[in-house]
Amino acid sequence: MTTIRMTYSRKRRYHRPLSLTGICFSAVSLLEQLIWQREKRRSRVALLALTDEQLKDLALSRADAYREMKRRFQV
């Protein structure tokens, strides 16, 4: 009969030293994330700059545009 500890044992993870490749990958990933957030911010500002008639064509209200502008960036 096996015990719970033997059946559900977790594998041990050993931390490897961070290589130069990992550092470069992290820097590129961070840069891509910043570019994405900047583009999203730019599009939200453009949405807020639309007139009420243009927002109506998009089936949005001024309150929807403000709500979108105030949203946080999600990772």
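The values are calculated or read from the model by the stated rules, or taken from the named source; none is laboratory data. In this text the structure is predicted, and so the values were computed from the model without any measurement. Keep in mind that these areas ignore ligands, DNA and RNA; they rest on the heavy atoms of the full protein, side chains included. Shrake-Rupley method; radii C 1.70, N 1.55, O 1.52, S 1.80 Å.
Among the residues of the stretch 24-58, none is identified as outside any helix (DSSP H, G or I) and either farther than 21 Å from Arg71 by Cα or among the charged types (D, E, K, R) (or both). For the stretch 59-75, a residue qualifies if it is part of a loop (DSSP other than H, G, I, E, B) and open to solvent by 80 Å² or more (accessible area, probe 1.4 Å), and the qualifying residues are Ala59, Arg71, Arg72, Gln74, Val75.
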